[in-house]
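The values are calculated or read from the model by the stated rules, or taken from the named source; none is laboratory data. This structure is a prediction, so every number in the text was calculated from the model and none was measured. Cβ sites come from the backbone with ideal geometry, for glycine too, and all protein chains shown count toward neighbours.
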Amino acid sequence: MKFFWPVYLSSVVIGTIGMYVVAPYARSYVAGLRGSGPSESAPLNAAAPVPTVAVAAAPVATPAREPLSEDREPVATPAQPQEDEDVPPAVSGIYLVSYGDRPGWGITNQRTVYYKPDGTRVGTVPGGVLFDMGATHKSTKGIMVECRFVEYGVTNGLFLVGRKDVLLFTASYTKLTPRQKEALKTYYALNGKIESRKAELLQAAAVKNPHLAEANAAYKAFNTHVEKAQALTLQRDRATDQERARIEDQLRELKVKEVQLKITLDAANRKFREWKLQHGNEIAKPESDPSIKQWTQEMAKFRPRVPGLAI
């Protein structure tokens, strides 16, 4: 193999000279790419200028939302309660009427007989029926309350109910939330069922008592006599002087007879109670009745919704 030495030597010399010329520039460029420290030509303690390199920020990857599948149920957002849903009735001025309070409405707390304004009996309504209240009246049946039933279409009009069969409240039932109103109605509807069931059980137990007929007859006679005396008392209060004197004579006679009827009634009731005590194991106890137990438990669920109104 032949070499052309003059040409080869010339190429080597030129390449060597080129490296020495370019090297100072290449060292700084390479150092910048490698991210190395200061160049060899700079002292170690000198503050070498750092070239500014614009670096584009890498985009942050946002994890994609997994589509809901049949295996994953969506998280339900809890419903916001109504503002007045749990406000106690007392905040709206609704209380069970006590002495000195002015009632505005009421509810039947058991099966209740209602009458026309003239005293004619119409029928009965169950417990849990709301009514707007009017005036009160004295009668032979005790204190009667004027009422207009609410949401009980078969009894449109003005009627009378016995004060002992209803509960009266202040303010207005319209201030109750729908949930509270339904809870109140349901509570006293259940109470009415319990009272009716108790009456059935007591009646069934009383039938077994051989002194029942005598006790009922004595009670009926005494009660009729008392109603007659009450009616005469009302007449006397409206009568003139001469008529008043005549009625007072009748009332004195009725008072004497009332004492005799009361003695007869007490004797009949005593015999009835004595037999009941002796045969107590033969009489069903209302508190043990399955229906009464169930209704009592259901009532307890509604009581906290209407604090102060459920007794």
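Descriptive notes on the structure:
- Qualifying strands (runs of 3 or more DSSP E) (wholly inside region 82-166; at least 1 residues being over 20 Å from Arg305 (Cβ atoms) and basic (Lys, Arg)): 121-125, 130-139, 142-149
- Remark: pairs (first residue in region 184-201, under 14 Å from Asp165 (Cα atoms); second residue at pLDDT below 95 and of a type in the set (Asp, Glu); Cβ separation under 7 Å; 6+ apart in sequence or on different chains) are absent.
- Filter pass, Glu227 being touching a residue at least 12 places away in the same chain (Cβ under 8 Å), more than 30 Å from Met299 (Cα to Cα) and assigned to a helix (DSSP H, G or I): yes
- Subset of region 206-242 (residues that are within 23 Å of Arg273 (Cα to Cα), of a type in the set (S, T, N, Q) and surrounded by fewer than 15 Cβ atoms within 10 Å (Cβ to Cβ)): Asn216, Asn223, Thr224
- Matching entry among Leu184, Leu190, Leu234 (being assigned to a helix (DSSP H, G or I) and either more than 32 Å from the chain's Cα centre (by Cα) or among the hydroxyl-bearing types (Ser, Thr, Tyr) (or both)): Leu234
- Considering Val306, Val226, the condition of being within 46 Å of the chain's Cα centre (by Cα), within 28 Å of Ile107 (Cβ to Cβ) and of a type in the set (Val, Ile, Thr) is satisfied by Val306 alone.
- Here Lys138 fulfils each of the conditions (1) within 31 Å of the chain's Cα centre (by Cα); (2) touching a residue at least 60 places away in the same chain (Cβ under 8 Å); (3) closer than 25 Å to Gln235 by Cβ apart from (1).
- Among residues of region 167-181, those that are more than 15 Å from the chain's Cα centre (by Cα) and part of a loop (DSSP other than H, G, I, E, B), counted: 3
- Hits in region 252-311 (condition: in contact (Cβ under 8 Å) with a residue 40 or more places away in the chain, of a type in the set (Val, Ile, Thr) and assigned to a helix (DSSP H, G or I)): Thr264, Ile292, Thr296
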